[in-house]
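Okay, so here's the structure we're looking at.
The values are calculated or read from the model by the stated rules, or taken from the named source; none is laboratory data. Keep in mind that this is a model prediction, so the values were computed, not measured. Methodologically, a virtual Cβ is constructed for each residue, glycine included, from the backbone with ideal geometry; neighbour enumeration extends over all protein chains shown.
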């Protein structure tokens, strides 16, 4: 398995792997996004679900209570101290059968105590990715919509997988919005 370069990512984006695709790094007065040397810096959309404990709910991945979140649509999201928000990527991905991705938070946010968690994009998964944005600090934190939030690294195998996410008809296939946990 090998990490893929900007040339490979650009070639695959032309085939619809990433839409919309930004062919170079955008950096002017924003948290950077777009194509990088060995990955792609994704943007966070302007749709957020900010965690609240107003209903004294227990977090249960098998019976998730959507009242645990407040929906916000804005160019700016304030994540409360020691809390988190869910969001989604601006980009829509179509991952090839012989590719797996790993997504890591950008250092600009990490240096502010903001952790971005995204599970791998499995072979033949497609959709916008749901992002978990954790504020590990005792202070409120700003997240800027339509700017960079994390970097996706692409790993291509020497052979295609036997069973892909598409074959399994995965529960998060083709998601277009922030998606809460499902069983």
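Being closer than 21 Å to residue 77 by Cα and either touching a helix residue (DSSP H, G or I) at 6+ places or on another chain (Cβ under 9 Å) or assigned to a loop (DSSP other than H, G, I, E, B) (or both) is the filter here, so list the residues in segment 105-121 that pass it.
106, 111, 112, 113, 114, 115, 116, 118
Please go through segment 15-26 and pick out each residue that is out of contact with any helix residue (DSSP H, G or I) (no Cβ under 8 Å at 6 or more places or on another chain) and in a loop (DSSP other than H, G, I, E, B).
15, 16, 20, 22, 24, 25
Residue-by-condition table, conditions (1) part of a loop (DSSP other than H, G, I, E, B); (2) touching a strand residue (DSSP E or B) at 6+ places or on another chain (Cβ under 9 Å); (3) without any contact (Cβ under 8 Å) to a residue 60 or more places away in the chain:
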| position | (1), (2), (3) |
| --- | --- |
| 8 | no, yes, no |
| 13 | no, yes, yes |
| 28 | yes, no, yes |
| 31 | yes, yes, no |
| 50 | no, yes, yes |
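Can you tell me which residue among 124, 177, 162 is modelled with pLDDT of 95 or more, part of a loop (DSSP other than H, G, I, E, B), more than 25 Å from residue 63 (Cβ to Cβ) and touching a strand residue (DSSP E or B) at 6+ places or on another chain (Cβ under 9 Å)?
That would be 124, the only listed residue that is modelled with pLDDT of 95 or more, part of a loop (DSSP other than H, G, I, E, B), more than 25 Å from residue 63 (Cβ to Cβ) and touching a strand residue (DSSP E or B) at 6+ places or on another chain (Cβ under 9 Å).
Residue check, residue 119 against (1) more than 29 Å from residue 162 (Cα to Cα); (2) within 9 Å of the chain's Cα centre (by Cα), all met but one. Which one?
Here residue 119 meets the rest and fails (1).
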